[in-house]
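Engineer: Handing you this structure, nothing more for now.
Only the coordinates and a few stated rules stand behind these numbers; no lab work does. Values in this document were obtained by computation on a predicted structure and should not be read as measured data. We place every Cβ from the backbone using ideal geometry, glycine too, and count neighbours over all the protein chains shown.
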Amino acid sequence: MKTARVLGILAVAAALVLSGCSTATEGRAQDDSISTNVVGECPSGYILTKIGKCAPADATQPTPTTTTSPAAPNANPIPASEPDVSACDGTQCDLSTSDDEVDRLVAESLTDVAAMWDRLNVDVTLHLYKDGTVGCQTDSETATAWVCVKSKVGGWSPAEMRAWATDHGTSLEDTIRATIAHEVGHIVIYSFGASSDEMVTNETRADCMAGGYAKWTTLDPNNSAMGRLSLDTTKRVLKGPRRNAAVEAGFTGTPTTCTEYTP
Ligand SMILES: [Zn+2]
């Protein structure tokens, strides 16, 4: 009896693993390159090329962001609790009033998701660039957004964001909010040392974090400056049985639920 019950549970788990494999490429960190480490990053002194290989860093290459804190005192220290996030189009990083709806929603969503983490005393550093940036571009033609967790930069594709919304029957705003919550989830998971070398585990952990964001916007309508993002809508954006299960786990659980989540 007991054995049969255990086997039944295993059978359900196997069914979940076997279904819904096709959506994991959305917004993933570049973690499937054979030339990079488990979190999709190249060794120090190397940059990730557009085709996912590690190439020696050019000394003259622009550095989009500073991610390490010097041990020496800083003349103008940034408060530790302040989220350090931005959404940029080239060097233009104030997109909150952009005429382009996708630009504006990416900027607003990134600020909003970071505000949630700030309330949880988790500092988020992430700089997103329209169509990516040197060292962090996607090799996928269908990625809506992506992040390079070690360098804390990433990108989004306006065209793929719009296509994703159309394909999933969700509004552009809801699509972008859930997607950005997923991408920020990757950053937080990495900062917690919880990135997995297994891509599906890594992706579903980020989906779980997006579920946590939906929970935060739902618990109190005043939490989010953008209003409620419902569980149901988040599941429609992050579609598929495995992704939906992870979103629900995040919605009913805690960030720790997500860092330990296994699909
Ligand atoms: Zn992802």
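Engineer: Under 9 Å between Cβ atoms, at least 6 apart or on separate chains: pull out the pairs that start in the range 196-215 with a residue that is basic (Lys, Arg) and end on any residue that is away from the ligand (no atom under 14 Å from the Cβ) and assigned to a loop (DSSP other than H, G, I, E, B).
Structural biologist: That search, which allows pairs on different chains as well, returns 205/260; 205/262; 215/253.
Engineer: Specify the residue that is nearest to the chain's Cα centre (by Cα); the eligible residues are those in the range 128-158 that are in a loop (DSSP other than H, G, I, E, B) and among the aliphatic types (A, V, I, L, M).
Structural biologist: Taking the candidates together, the pick is 149.
Engineer: When the residues of the range 167-211 are narrowed to those that are within 10 Å of the ligand (Cβ to nearest atom) and hydroxyl-bearing (Ser, Thr, Tyr), which ends up farthest from residue 109 (Cα to Cα)?
Structural biologist: Checking each candidate, the answer is 204.
Engineer: Polar (S, T, N, Q) and crowded, with 22+ Cβ neighbours inside 10 Å: does that describe residue 138?
Structural biologist: Taking the combined requirement at face value, the residue satisfies it.
Engineer: Can you tell me which residue within the range 216-227, out of those that are more than 15 Å from residue 252 (Cα to Cα) and either near the ligand (Cβ under 10 Å from one of its atoms) or in contact (Cβ under 8 Å) with a residue 60 or more places away in the chain (or both), is surrounded by the fewest Cβ atoms within 10 Å (Cβ to Cβ)?
Structural biologist: 225
Engineer: Right, here's the next one. Against the conditions (1) part of a helix (DSSP H, G or I); (2) in contact (Cβ under 8 Å) with a residue 60 or more places away in the chain; (3) within 16 Å of the ligand (Cβ to nearest atom); (4) within 28 Å of residue 90 (Cα to Cα), where does residue 161 fall short? Just the number, please.
Structural biologist: (2)
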